[in-house]
Structures are given as structure tokens and as C-alpha cells.
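Notes follow once the structure below has been shown.
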Amino acid sequence: MDYAHPSWIEIDSSQLVKNIEIIRSKIGKTLLCLPVKANAYGHGLIGVSKIAEAAGVDALAVSCLQEGAELRKAGIQCRIIVLGAIHEDQVEDLVHFNLEFSISSQYKAELVAKKLSQKCRVHLEVETGIQRTGVRPATALGLIQYLQSIPCFEVVGVYSHFAQSEIPKDPVTLKQLQIFQELCALPPFRGLTRHMANSGGVLYYPEVHLDMVRPGILCYGYLPGKEKLPSAFEGIAPCLTLKSKISYFKVVEAGLGIGYNHTYYTKKKTRIVTIPIGYGDGFSRMLSNRGSVLIRGKRFSIAGIVCMDQFMVDVGDEEMYVGDEVVLIGKQGNEEISLQEMANTCQSVPYEILCLFNQRIPRKFKGAL
Ligand SMILES: *Cc1c(COP(=O)(O)O)cnc(C)c1O
């Protein structure tokens, strides 16, 4: 499985633990659930989950059955919550792998009840203003009463999700919180684990920490929006670096086209190096002629179109060799290419850029437990 590869993602395990501990110190007795969906935001599902479990997170959150099953097969024992809407055919496996899952409609609840003889642990998902999944507050009361009346359901939590909590003092967010709080005050919801805060909620809305929080991007060291990191959370930092090694070097005469369709021409006789990572790894083609890399502590621009498996860089007169380390996201010397910078170049957000990196890129955990 883990063959050497010329490009890799390096995870600083102690920084990941530090991020978790800083968040933990800000939420008091509130439980911490770490979202590890989408291969732990590209960081590596199993590696991150093992570190998080050892660091004492109270639960892991995944999007679907597959991710939860993979965690159990890797020996993860802590609580796992499946956040996405489930399909009724998944119910037996969800129970088999001891995964808690969401109920977000009367319809699904009845399908589950029909399929299931054993007990399952569920969270009622309530819609408060994102119109994605979740039962409307007006029907949530009836649904929870139904769930509580059927023996196969053990309702353990009630939750909702924010549309734009990365904006501080946002009226939409405050409204969502109010709707959720009013519902949770009703008798059938008492004693359930109430959870709503994603990273924005944790950072900017302390009143929404409730019984459990689900910060994803913040645990990985990034911010959910455009705000600066609040000083109370100082110390949280990215734990991911994307690295490669120069695979080829050549001297190219002036006036020659580089790469597919010759979108870049050498202005003078120059040195061109090849970096063995491309859009086939999830390194976006949007970075063609726009992105940068760091080599020997200096910044260079990508020359030409990013290919499926590699791309070229014009390094001018700089001396460098095949095998030199290249940083594509992260720090090298005094220079840094932040994930946010790459996301801006790609007209995207850090979340998506992380998720693009696929299984072809090995994840190496430095200082892993
Ligand atoms: C992805 C997700 C989160 C985490 O969001 P971040 O913005 O990364 O903190 C929390 N809750 C739900 C339901 C999610 O889907």
C-alpha cells in the first residue's frame, strides 16, 4: 500500500493535537466531536482519527457509512456519528459497525423502524436555516415523540447546522440559534446532547457551544472564513504540508514553449524543473501559469499548464538539482504558500482544495503516536 511516492502530504501530529487541545480549553465541559469526513479534510482519515482518539476527542463525525466502516475496520473505538442523510439499505451495517446516525425525516424514521430489530443510536437533525437536510422545527416535536415511542430507537442527540457562522455577529446565524434553542427547550428534547457549532460557531458564537461542538476546519488549523484568528485561539496553526521533489532538470533556450499548448514561453535561456504532481493527484489545473512553489527557500512560478501527473517551473538562473525538496503548500525557509493563497488562486476555498488531494498522494504522519 504505502510505496514511496515523489509527492506527499506531511502531517505534523503534535500540531494537530495542539489544535485539539486549544479548542478543548475554550469549550469547557462541552463535548468535542471532530469531523473526519472526506478523508479527514484530505489529511488522512485513519491517521488523523487515531491521533484524535488518543488525544481524547469525544466523538468523530463522518459523512457516510463507508467512512464509518473504514474507521471501525482500522480499530477506532470511540463514538462515531454519521452526519449525512442515510439510505435505508445502510441501516443494518450502520448498527453492525456501531455508528450513530442522523434521522432527519418521519419518512426515513419509518423505513429504519421497518428494517431494524436491534437498537440504534440516533441524532435528530433539525433544519433551522440552511435548507439542506433536517426536519422542520414545526414537525420536529412530532418526530421525536415518534422516535421515543419506538423501541429500536435510542435518541441520543439533537442537532442543526449553520449556513454562515464564519461571519461574526451574523443575524442569520443568531436566528438559527434562536430557533434551535426554542425547540430544545421543549420537554422531549431535555437530556439530549444538543450540538450545532461548526468551526465558525466555536470561534465566534460561544453561546452556541451547547453540549457538543463539531469544528472541522479549525481543528486542522484553518479558518472557516475571511476573519483573522481571534487571539483567544492563538496557537492554532495548519498541520499539513504538501511536498514534492524535483524529478527532472533541463536548460532551455529562449523563446521555447513549455508544456501543453505552449501557454508559457521562455524569455531567455533558462532552467526548467519538473515537479511530479498534477491534477491527477488533485493539484488543480487552475494553478497553471498562476500558482507558485517553494524551492531552496525561494518562490517560483508555475510555467505552463499543469499536466495530469506533473508540471514545470521556470527557475531562471537558480542552481538546483533533481531530488531537491519542493513545498507546494506550507513553509520553507522564510517563505510560505498558504492554503488560503492557493484557494484564492483557484477561486475556491481551503475546504475544497484539501478535498481534491486524492489517495495517490501518501500521507506521512510526523511524530505519530
Ligand atoms: C462539515 C460539517 C461540520 C464541520 O464544519 P467546519 O466548517 O469544517 O467546522 C460540522 N457539522 C456538519 C453537519 C458538517 O457537515
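The values are calculated or read from the model by the stated rules, or taken from the named source; none is laboratory data. Given the structure is predicted, the values throughout are model-derived calculations rather than measurements. All Cβ positions, glycine included, derive from the backbone under ideal geometry; neighbour counts span all protein chains shown. Note: areas computed on protein heavy atoms with side chains; ligands, DNA, RNA excluded. Shrake-Rupley method; radii C 1.70, N 1.55, O 1.52, S 1.80 Å.
Numerical summary
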quantity: Cα gyration tensor category, rounded, prolate or oblate, for segment 41-182 with a/c compared to 1.5; calculated: oblate
quantity: Phi-based couplings in Hz for segment 100-117 (Karplus 6.51, -1.76, 1.60; Gly and Pro marked x); calculated: 7, 9, 8, 10, 10, 6, 4, 4, 5, 4, 5, 4, 4, 4, 5, 7, 10, 9
quantity: Tensor-based shape of the chain (alpha-carbon gyration tensor, a/c under 1.5 rounded, otherwise prolate or oblate); calculated: prolate
quantity: For segment 112-234, convex hull of alpha carbons as volume per residue, Å³; calculated: 118
quantity: The chain: antiparallel DSSP beta bridges as a percent of all, rounded to 5; calculated: 50
quantity: For the chain: accessible area per residue (Å², 1.4 Å); calculated: 45
quantity: In degrees, nearest ten, helix 45-54 long axis to first principal axis of the chain (Cα); calculated: 60
quantity: Relative packing of peptides 356-364, 319-327, 4-12 - highest average C-beta neighbours within 10 Å first; calculated: 4-12, 356-364, 319-327
quantity: Carbon/sulfur fraction of accessible area - the chain, other protein chains in place, 1.4 Å, %; calculated: 52
quantity: Proximal charge balance of Glu166 [Cβ under 11 Å; K/R count +1, D/E count -1]; calculated: -1
quantity: Packing-based order for 149-156, 127-134, using average beta carbon neighbours within 10 Å, highest first; calculated: 127-134, 149-156
quantity: MRE, 222 nm, helices only [DSSP H, n ≥ 4, -39500 (n - 2.57), over the chain, to nearest 500]; calculated: -8000 deg cm²/dmol
quantity: Global form of segment 1-117, assessed from the alpha-carbon gyration tensor, a/c cut-off 1.5; calculated: oblate
quantity: Long pairs among Lys331/Lys366; Lys37/Lys366; Lys331/Lys364; Lys18/Lys366; Lys245/Lys268, criterion Cα-Cα beyond 18 Å; calculated: Lys37/Lys366; Lys245/Lys268
